[in-house]
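Just so you know, all these numbers are worked out from the coordinates, no wet-lab data involved. Note that the structure is a prediction, hence the values are computed from the model and not measured. Don't worry about glycine lacking a Cβ; one is built from the backbone with ideal geometry, like all the others, and counts go over all protein chains shown.
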Amino acid sequence: MLVGQNLKIQIHLNFMKLLKISKTLRTIFYLILGINSTGLFGADFSAKTILDSMTIVMQPNSSQGKMEQEIITSSNIKRVFTFNYYSEDKGKNVLIRYMEPRKVRNNAFLIKNSGEDIWVYFPRTRRVRKLASHAKKQKAQGSDFSYEDFSGSEEWKTDYRVKQKPSGERNNYLLNFTPRIGAGTSYDSLKIYVNKLNYYPDRMLYYQNGVHLKTLNFQDVKKIQGIPTAMRMLMENHLEDSKTTIRILEMEYNVIFDREFFTERNLKK
Amino acid sequence: MIWLIIFLLPVIASAQVDIFGYYESEYDHIQLPNKSYNFSYNKLRLDLESRSNENVMVGANINFQIFHGDQEWDIVDFIPEYLEIDSAPFSISDSMYLDNIYLRTSFQRFDFTIGKQPISLGVGYAWNPLDIFNRKDLIDPTYEQAGVNALRMEIPVMDGGTLDIIIEPDSTWDMSNKLIQLKSSLGSYDFSLNGGNQYHLIPDGNSGYAYDHVFFGGGSIIGELWKFGLWGETLWSLDADNNFGEVVFGIDYTFNNGVYLMTEYFHNSLGAEKNEVTFDHYLHNFNGETHSIMQNYLFVMGMYNFTNYISGCLIAFGNLDDQSFILAPQLNWDAFEDVTLGAWVSQSFGENDTEFGIQDLVLRFRLRAYF
């Protein structure tokens, strides 16, 4: 998912250790040669390797937290939503329950199989309805995020072809994503700038019909339980000139959920 | 009901109660060929919710509604002249009522809810044949429905499935509505198998109705095919000699630009056939005993968010049997964080002696503020 990271897998821990060693060696090498790494080392990593590293870094095995979503329109009108967020299986299964404002209180979404299956719960009628996957193209509570944007980053691998492009930036790799045939994504390309040091995304650019539609910025990266976490994510809609910020208020990783947590029964609780 | 109120109110009073709800104000202008109705109401819905622990929840809703303007109505104004009814007046008056009051408990193996509670069944948007407890207003299908005085047990079965048993008690066991539903999923499809028993209208063989105990069987399915959302839902009598029922099919799609389109087709074999409409058909429909007056209907909706806070919706629905339709554009504006304003227009098309053609123009303004 967009939020959180995962270092649970031992293999990954080892991988990160190797990266650190590699970075240390690189730093020594730069000092000796006085050059930056882009030309010599950046190009050594294939796009797939960078993507794999990024998804491992930003994909927690499980997490739960409380978040605040602030929408700011072009006319500077603000709306604030608060929601509880739960994810498991590296973001494949997600449950979102809105707490504020009162209008959407206890409205909840259960997203499974990386966004392929979505159920929505309306507390006033106690009704649960399954939505077709096209519904993920709709705006989440009027924000600049679509439900698709909340889907697991595994979709970047399954729905898109990825290539590395020159970023023109010292600190970031640039990955360019184009949809696979029949993937049914909303976007006709994505660009992700990935930090070379920690493989955490710096920003994502969304394109629709060739137009740069939105940019998602990952800001204020802090470590929670040793896992780097963007405490603030800013989505800018360049067409509507609006912004949505998601701020992490509370976050806990490696949570063990009940077997029935990501079910319709729990959605209605 | 009285014993339930006596039992539950102290529970609510002694526990930490979450109080929320909304204030709603609505103005309606209904223009008929030779007459018009103007009325408005102010409504306060007070929701009370108490959770003494994560497995016990007591919920209640009290509605206060005050009407203004035309409060004396005549059904005759909304039915075709050829039915030759002189007058069937009714009035709407200020009201205060307990819409819901229920206790929900979650045990390890099942959830149990007792009391007047919100129940909403089925996968359809405008019609729900499986929902034998409620009926919907086509111009506003998502508006909250009245609570149902019932016992409900939801038992998790299989992998993510639920066995749902609902009993709406009446004076005798025979008169009570009973429904059982097994809900599960298969691949990317959710489905349900339903059975029910109800004292219900049945065709009398002469274009009219009689009452009898009816056993129903049915089901629903919802999923996706070629990126289109698809669903279907049916409930049919199991009496081979008196076979009747309802079925709905729907399809929806969201385009990349966010435009959402949806359509549903509804068939009710209990409805009147063309040129066989009687006053009974209207009466039973107004009373909520049938889901439609005639047999075949279509509902189409398009929706788009113009901005983060302004959304537009175009609804069209019609009676395919008498060729009458309603076109209803709606505009909703989230004016403040918890305040929504809506402006709705509905224009009818069709002959004056048809279900929808008898209306002309309806204007509706609605303000709702949540707290």
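In table form, for the structure just shown:
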{"quantity": "Relative exposure of A:99, B:158, judged by other C-beta atoms within 10 Å (fewest first)", "calculated": "B:158, A:99"}
{"quantity": "Kirkwood Rh in Å, taken over all unlike Cα pairs in the protein assembly as shown", "calculated": "27.3 Å"}
{"quantity": "Mean separation of Cα contacts under 8 Å (6+ apart) over length of chain B, as relative contact order %", "calculated": "13 percent"}
{"quantity": "Given A:112/A:136; A:196/A:222; A:268/B:183, the pairs whose alpha carbons are separated by over 23 Å", "calculated": "none"}
{"quantity": "Computed P(r) (all Cα pairs; the range B:244-317; 5 Å bins; percent)", "calculated": "3, 15, 19, 17, 13, 11, 9, 8, 4, 1"}
{"quantity": "Environment charge at residue B:301 (Cβ cut-off 10 Å; Lys +1, Arg +1, Asp -1, Glu -1)", "calculated": "-2"}
{"quantity": "The range B:122-253 shape via C-alpha gyration tensor axes, a/c threshold 1.5", "calculated": "prolate"}
{"quantity": "Relative contact order (%) - criterion: Cα under 8 Å, at least six apart; region: the range B:5-117", "calculated": "22 percent"}
{"quantity": "Cleavage-rule hits, trypsin sites (Lys or Arg not before Pro), the range B:80-119, DSSP coil, Cβ neighbours within 10 Å at most 11", "calculated": "B:109"}
{"quantity": "Fewest-first ranking of A:81, B:20, B:266, using other Cβ atoms within 10 Å as the exposure measure", "calculated": "B:20, A:81, B:266"}
{"quantity": "Inter-label distance for residue A:74 and residue B:274, nm, one decimal - labels placed 7 Å from Cα along Cα-to-Cβ", "calculated": "4.9 nm"}
{"quantity": "Coil-residue GluC sites (Glu not before Pro) of the range B:210-296, DSSP, other Cβ within 10 Å capped at 15", "calculated": "B:273, B:276, B:289"}
{"quantity": "Computed magnitude of the charge dipole of the protein assembly as shown (debye, nearest 20; Cβ of K, R +1, Cβ of D, E -1)", "calculated": "5020 debye"}
{"quantity": "Gap separating the Cα centres of the range A:180-256 and the range A:46-69, nearest whole Å", "calculated": "10 Å"}
{"quantity": "Karplus 3J(HN,Hα) series, Hz, for the range B:93-109 with 6.51 cos²θ - 1.76 cosθ + 1.60 (x for Gly, Pro)", "calculated": "9, 4, 8, 9, 8, 8, 6, 9, 7, 8, 10, 10, 10, 10, 9, 4, 9"}
{"quantity": "Euclidean distance of C-alpha centroids, the range B:127-191 and the range B:58-106, integer Å", "calculated": "23 Å"}
{"quantity": "Between the range B:216-271 and the range B:290-330, the alpha-carbon center distance in angstrom", "calculated": "16 Å"}
{"quantity": "Cut-off under 5 Å, modelled amide H: who pairs with residue A:180 long-range", "calculated": "A:160, A:161"}
{"quantity": "J(HN,Hα) series, the range A:190-203, from Karplus relation 6.51 cos²θ - 1.76 cosθ + 1.60, nearest Hz, glycine and proline x", "calculated": "10, 10, 10, 8, 10, 5, 5, 7, 10, 6, 8, x, 8, 7"}
{"quantity": "Lys, Arg +1 and Asp, Glu -1 on Cβ, resulting dipole of chain B about Cα centre, debye, nearest 20", "calculated": "1260 debye"}
{"quantity": "Proxy reagent accessibility, fewest Cβ within 10 Å first, across A:169, A:264", "calculated": "A:169, A:264"}
{"quantity": "Whole-Hz ³J(HN,Hα) from phi, Karplus 6.51 cos²θ - 1.76 cosθ + 1.60, for the range B:186-198, glycine and proline x", "calculated": "9, x, 8, 10, 9, 9, 9, 10, 10, x, x, 9, 8"}
{"quantity": "Two-site label geometry, residue B:345 and residue B:96: point separation in nm, points 7 Å out along Cα→Cβ", "calculated": "4.0 nm"}
{"quantity": "Rg(Cα)/(2.2 N^0.38 Å) for chain B, N = residue count", "calculated": "1.04"}
{"quantity": "Candidate aspartates and glutamates for bridging to residue A:78, where Cα separation is under 16 Å - those fewer than 8 sequence places away on the same chain excluded", "calculated": "A:68, A:70, A:100, A:144, A:236, A:240, A:241, B:334, B:337, B:338"}
{"quantity": "Dipole of the protein assembly as shown, positive end: most advanced residue of B:124, B:253, B:213 [Cβ charges, Cα centre]", "calculated": "B:253"}
{"quantity": "Estimated distance in nm for a label pair at residue A:158 and residue B:71, the labels positioned 7 Å out from Cα along Cα-to-Cβ", "calculated": "5.9 nm"}
